[in-house]
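Down below is the structure, laid out as structure tokens.
The values are calculated or read from the model by the stated rules, or taken from the named source; none is laboratory data. Keep in mind that this is a model prediction, so the values were computed, not measured. Cβ: placed from backbone, ideal geometry, glycine included. Neighbour counts: every protein chain shown. The accessibility values were calculated without ligands, DNA or RNA, using every heavy atom of the protein model including side chains. Shrake-Rupley method; radii C 1.70, N 1.55, O 1.52, S 1.80 Å.
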Amino acid sequence: MFTLSLVLLSFACGGRKAETVEAPATPDAAPTLPVEGQPGPTINPTESQAAVHKALSVRDPEPECAEIAALTPEPVADLLFVANYADQPPWASTRAARCLAMGHGEAAKAELLGWMADPAAKGLALMLLTELDQLPEPLAMELAQAALAGPLADEARPRIAKSQNASLSALAQ
């Protein structure tokens with residue numbers, strides 16, 4: 001059910017879409033990731049980024065975040081790459097964002113907070129707001145406050161209000 005919710009949210013909102021992207025150095029055999037709004041494949045991921053993307057692209061069963069982190073020596077950087085640039089399948093970017101928040105929230109806090117203020121990252125921001133109760137309370141509070149102070153406030157408010165944490169849900173009042 002959770003996976004279905006992520007897929008539907010991805011279709012409705014989309015992940016973060018880059019306007020321009022500089023391709024990192026990559027092995028010759030690494031696949032490319034399409035970027036919406038740009039013709040053809042434009043991103044050449046590193047070998048570990050491609051492995052993370054491939055693992056997160058599996059439809060069912062959804063991979064565990066610990067399995068994904070084990071695929072790369074730099075889980076934060078590679079999950080950020082997939083969250084920010086993977087366009088297909090639509091659930092890959094939201095799964096990457098979820099793994100980032102759940103397992104590496106402090107290390108990725110600046111990026112997570114940035115999504116709350118970036119209309120281009122609407123899908124990722126709204127997905128994270130549905131996960132507030134699963135996050136450490138200090139991080140959840142910062143994300144909720146950033147969302148309510150940003151351009152997604154109207155859409156963020158009902159999601160934050162649904163939190164089981166009284167402190168979080170009170171922010172939406």
Seminar exercise, completed: With all protein chains present, the stretch 104-173 has a carbon and sulfur share of its accessible area (1.4 Å probe) in percent of 51 percent
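How long is the gain from Glu74 to Gln134 if the chain were fully straight, where each residue apart is worth 0.36 nm and the alpha carbon distance is subtracted? Each step should come with its number before you reach the end.
Details: separation 60, 0.36 × 60 = 21.60 nm, distance 2.31 nm.
Stretched out fully, the Glu74 to Gln134 stretch lengthens by 19.3 nm.
So if I average 1/r over every pair of distinct C-alpha atoms in the stretch 36-173 and take the inverse, what Kirkwood radius in Å does that give? Let's see the in-between values first.
On the way: mean 1/r = 0.0655 Å⁻¹.
Every distinct Cα pair counted, the radius reaches 15.3 Å.
By the scheme Lys and Arg +1, Asp and Glu -1, what is the net charge of all other residues having a beta-carbon under 11 Å from that of Ala140?
Working: positive: none; negative: Glu131, Asp133, Glu137, Glu142.
Its environment carries a net charge of -4.
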Exercise. For the stretch 96-173, what is the per residue volume of the convex hull drawn over the alpha-carbon atoms, in cubic angstrom?
Worked result: 70 Å³
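Given the Cα-Cα distance of Glu64 and Asp118 and 0.36 nm per residue of separation, how much length would full extension add, in nm? Provide the component values of the computation, followed by the final result.
Working: separation 54, 0.36 × 54 = 19.44 nm, distance 2.73 nm.
16.7 nm is the gain from fully extending Glu64 to Asp118.
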